[in-house]
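Below is one structure, written out as structure tokens; comments come after it.
The values are calculated or read from the model by the stated rules, or taken from the named source; none is laboratory data. Only a predicted model underlies this, so the values are computations on that prediction, with no experimental measurement involved. Note: ideal-geometry Cβ built from the backbone for every residue, glycine included; neighbour counts use all protein chains shown. Quick note on the areas: whole protein, heavy atoms, side chains included, nothing else; ligands and nucleic acids left out. Shrake-Rupley method; radii C 1.70, N 1.55, O 1.52, S 1.80 Å.
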Amino acid sequence: MKWLLPLFVFCLPLTSQAHPADVTPLRVKVEKQELEFRFTLNLFTLGKMVSLDLDGDHRLAPSELEAAKPEIARFLQEHFMLRLNEKSAKLGGIAEFEPLWPSVNSVDLREVERAVDVTFVLPWPEVIANVWMEFTGLSQWGELATIQATYEQGDLRMQVPFSQTEPDYLYDTGFVAEEFFQVPPAKPTPATPMWAVYAFGAFILMVFPIAYLCIFRKPTKGGAQSPP
């Protein structure tokens with residue numbers, strides 16, 4: 001027991017470092033020609049990205065959060081590398097910015113479970129075959145910081161963790177293969193044009209009297225014809 005106690009004391013700081021605040025959820029909604037990225041950033045992570053406590057009262061007012069919004073967008077745009085179909089892409093402006101707490105005057109910055117949803121929407125001019133992502137700002141978030149990405153494509157759900165040792169991932173959508181093997185729709189049978197109907201009717205009117213004379217009228221000896 002004497003040698004177990006020092007070992008436990010040595011391991012305690014290592015285990016205490018692991019904290020849910022180090023994990024940032026990211027939802028990646030995959031459509032054929034559009035991607036949606038929703039980061040759920042807690043106050044602990046946001047505080048490492050930008051300065052939140054402008055007045056030093058350890059509380060976050062709505063005005064302080066709104067003032068930090070451009071810096072939050074800039075940080076993610078600069079540290080979130082993207083390639084779609086092997087072509088470089090960039091996040092645009094923030095599409096949605098939603099604090100995940102009731103409407104109050106301010107919140108305590110030490111409440112790390114408080115979080116903000118930050119959403120970006122990226123349209124793409126062609127069918128998205130693959131998405132490559134890399135995060136270069138995890139070192140600023142901390143040694144144990146990770147991003148837990150969930151790719152959502154229709155009914156498919158796939159989770160991929162990003163860390164400093166594994167900062168990138170290539171996701172294949174399968175949309176191109178899906179279109180390649182898709183059976184083309186049957187072409188509708190064209191309707192008979194009206195001019196063909198009229199031409200057929202005129203043909204019948206012309207041919208019927210001639211056929212009648214050839215079949216039912218017989219020539220006489222004197223060259224005259226007798227009635228049928």
Simple spin-label estimate for Leu100/Lys32, 7 Å along Cα→Cβ, in nm, reads 3.2
Taking loop as defined by DSSP and a crowding limit of 13 other beta carbons within 10 Å, which trypsin sites (Lys or Arg not before Pro) in segment 83-120 fit? Lys90, Arg110
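Once a ≥ b ≥ c are taken as the square roots of the eigenvalues of the Cα gyration tensor of segment 104-151, is the result rounded (a/c under 1.5), prolate (a/b larger than b/c) or oblate (a/b not larger than b/c)? List each step's numbers first, then the result.
Numbers: a/c = 3.39, a/b = 1.68, b/c = 2.02.
It comes out oblate by the Cα gyration axes.
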Which of the peptides 101-109, 65-73, 133-141 is most tightly packed, and how do the rest follow, going by the mean number of other Cβ atoms within 10 Å of each residue? 133-141, 65-73, 101-109
Calculate the spin-label point distance for Thr136 paired with Asp57, positioning each point 7 Å from the Cα along the beta-carbon direction, and give it in nanometres. 3.8
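Just the accessible area per residue of segment 48-180, please: how many Å² with a 1.4 Å probe?
On the way: 7270 Å² over 133 residues.
Solvent-accessible surface per residue comes out at 55 Å².
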Sequence-distant aspartates and glutamates (8 or more away, or on other chains) whose Cα lies within less than 15 Å of Lys69: Asp53, Glu78, Glu96, Glu98, Asp117
What is the spin-label model distance, in nm, from Gln77 to Val127 if the labels are put 7 Å beyond Cα along the C-beta direction? 3.2
